[in-house]
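Colleague: Can you keep this structure in mind? I'll have questions shortly.
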Amino acid sequence: MNANGTKDSGESGVTAKTVFLDTDNDGVQDSGEPNVATAIGGVYTFSGLGPGTYRPRIALTATQALITAVPVPITVTSGLSTGAVDFGMFTLGSIAGTVYTDNNGNGNKDAGELGQSGRTVYLDNNGNGTLDAGEPNQATGGTGTYLFTGLAAGTFQVLLVPPAGRVQ
């Protein structure tokens, strides 16, 4: 839940996630690759595997990320079981909002206060209050809205590059 790469107290396994054996090592679940769904508590088992080397992977959606390292290949020998191939994943977050003209200066978007399009909003990663190269940024849409997606857990400072003669 906190994306620290460790299974902490209160963090439970995820049910109904697909785990597959990446037979061609391309990182993608292809047709025909053995797969299972996780059970309650995130438990999964591949049974009936012959001796060999396998690469277990977890199928993620576009809004999820793997926080733990991808496991190394697992070698199965005749008659033995291998365990503890765990995956830590988290759901990516987003930040959304609206840039508007606060006509009455009360700090709230009131009826009749319009969104401002074409304004630059950015995530101030280094906290210096200035839009720097490499910092995520975007122009607001026609109604003044913005949306940053694919964000890992953390604290972000969202800032606006104010137009000349205006303050945030």
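Any read-out appearing in this document is the output of simple, stated calculations on the displayed coordinates, not a laboratory observation. Note that this is a predicted model, so its numbers are computed, not measured. Virtual Cβ from ideal backbone geometry, glycine too; neighbours counted across all protein chains shown.
Colleague: Taking every DSSP beta bridge with both residues inside the chain, roughly what % is antiparallel (nearest 5)? Walk me through the intermediate numbers first.
Modeller: Values: 24 of 24 bridges.
Here the share of antiparallel DSSP bridges comes out near 100 percent.
Colleague: Still on this structure, please answer the following. Taking loop as defined by DSSP and a crowding limit of 16 other beta carbons within 10 Å, which chymotrypsin sites (Phe, Trp or Tyr not before Pro) in the range 88-137 fit?
Modeller: Numbers: sites: PHE90, TYR100, TYR122; in loops: none.
Filter output for the range 88-137: empty list.
Colleague: Which of these, GLY88, GLY13, GLY141, has the largest mean-square fluctuation under a Gaussian network model of the chain (Cα springs below 10 Å)?
Modeller: Residue with maximal mean-square fluctuation among GLY88, GLY13, GLY141: GLY141.
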